[in-house]
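J.: Please read through the structure below; I'll follow up with questions.
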Amino acid sequence: MEISIVIPLFNEEEGVQELLNRTTAALKKISEHFEIIVVDDGSTDQTLDLLLKYQSGESRLKILQLSRNFGHQAAYTAGLEKASGNFVGLIDGDLQDPPELLIDMYNKLAGGETDVVYGKRSNSLKLSRRSILSVWFHKLFRKVSGFSDLDNVGNFSLMNKKALHALLSFQENIRYLPGLRSFIGFKQDYVDYERSDRYKGASKMRMGKLIALSSDAIFSFSKIPIRICLYLGITGIIVFFLAGVYTLIAKMAGFALFGWSSTVLSIFFLGSIQLTFLGVIGEYVYRIYKESQRRPLYLVKEYFK
């Protein structure tokens with residue numbers, strides 16, 4: 001098998017036909033020996049039925065049906081573990097990432113000079129809250145993680161078997177694949193592209209899920225949040241030490257002000273710092289707890305191949 005493409009889908013009945021048509025056409029320009037592994041991540045609409053119908057006319061389509069919705073990153077991992085191609089690609093199912101770009105990615109990889117090629121978005125900043133937040137997240141993640149190659153970069157990529165095996169060697173349940181892909185190293189390159197709007201329908205990644213994914217990315221790859229707590233604590237100690245010195249001097253000099261406002265503000269300030277510490281520590285403890293459970297990342301209901 002020359003190339004495998006993994007596509008996770010969740011309730012994408014409106015665009016699945018166009019997605020498969022374009023992906024199949026692009027892969028045929030690379031090689032006749034390919035497979036498309038679509039991971040049905042617990043869809044409740046007609047997505048699975050449409051996939052099975054398409055499969056009846058295209059045997060190179062394989063369908064991995066999960067027992068429920070396990071999430072974007074888990075669905076990708078499920079497909080990657082089934083891939084058998086010399087080159088394995090990841091692409092979202094909303095057609096914002098053009099399947100035709102896989103040809104350029106393959107051409108870069110085929111020469112053997114690089115191990116991973118990812119798509120770099122050149123028009124991420126659009127006049128929508130979602131897009132602006134996405135841009136700011138990528139900039140923040142690049143800063144706190146130390147990975148300079150993750151600005152305006154998502155899952156869209158193609159890699160060889162060496163890189164794939166390295167990526168699949170990670171065992172954590174809470175994962176952010178673009179970060180792991182950068183972490184493995186190897187020789188990596190990119191192709192610029194214009195990211196399109198969704199082909200049809202509304203995004204299935206709601207704001208809450210995006211925030212959760214962003215938190216997983218930051219807390220999994222950075223110690224900055226806990227360092228901020230440390231710096232805030234040190235700052236609080238210095239401020240209140242100086243405030244204590246000032247109070248003693250004021251009392252001895254006889255010009256200390258009486259009142260409860262300073263006391264209440266001090267209590268609120270200290271309380272907010274403590275709650276911030278607990279929140280940040282709680283995020284890390286929660287992730288340690290999830291990893292210690294060792295639950296399966298996903299469960300397969302059926303594999304149609």
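J.: May I ask you to derive the FRET efficiency for Tyr286 and Glu81 from their Cβ-Cβ distance with R0 = 25 Å, giving the value to the nearest 0.05?
T.: 0.45
J.: Quick one: order Tyr118, Tyr106 by neighbouring beta-carbon count within 10 Å, fewest to most.
T.: Tyr106, Tyr118
J.: Compare the peptides 48-58, 16-26 by average per-residue count of other Cβ atoms within 10 angstrom and give them in order, highest first. Walk me through the numbers before you get to the answer.
T.: Values: 48-58: 15.0, 16-26: 18.0.
So the order, starting with the most tightly packed, is 16-26, 48-58.
J.: Using a 7 Å offset from the Cα along the Cα-to-Cβ direction at both Glu18 and Lys305, what is the distance between the two label points in nm, to one decimal?
T.: According to this spin-label approximation, the distance is 3.1 nm.
J.: A 32 angstrom limit on the alpha carbon distance is what I want to check against. Which of Lys53/Lys162; Lys28/Lys120; Lys82/Lys108; Lys29/Lys162; Lys161/Lys290; Lys120/Lys301 exceed it? Please report the intermediate quantities before stating the final value.
T.: Details: Lys53/Lys162 34 Å; Lys28/Lys120 24 Å; Lys82/Lys108 24 Å; Lys29/Lys162 24 Å; Lys161/Lys290 29 Å; Lys120/Lys301 34 Å.
In this structure, Lys53/Lys162; Lys120/Lys301 lie more than 32 Å apart at Cα.
J.: Can you tell me the length gained on complete extension of the stretch Asp192 to His33, counting 0.36 nm per residue apart and subtracting the Cα distance?
T.: Taking Asp192 through His33 to full extension adds about 54.6 nm, to one decimal.
None of the figures in this text is laboratory data; all of them are computed from the coordinates on show. Please read these numbers as outputs of a predicted model, since none were measured by experiment. Here Cβ is always computed from backbone atoms with ideal geometry, including for glycine, and neighbour counts include all displayed protein chains.
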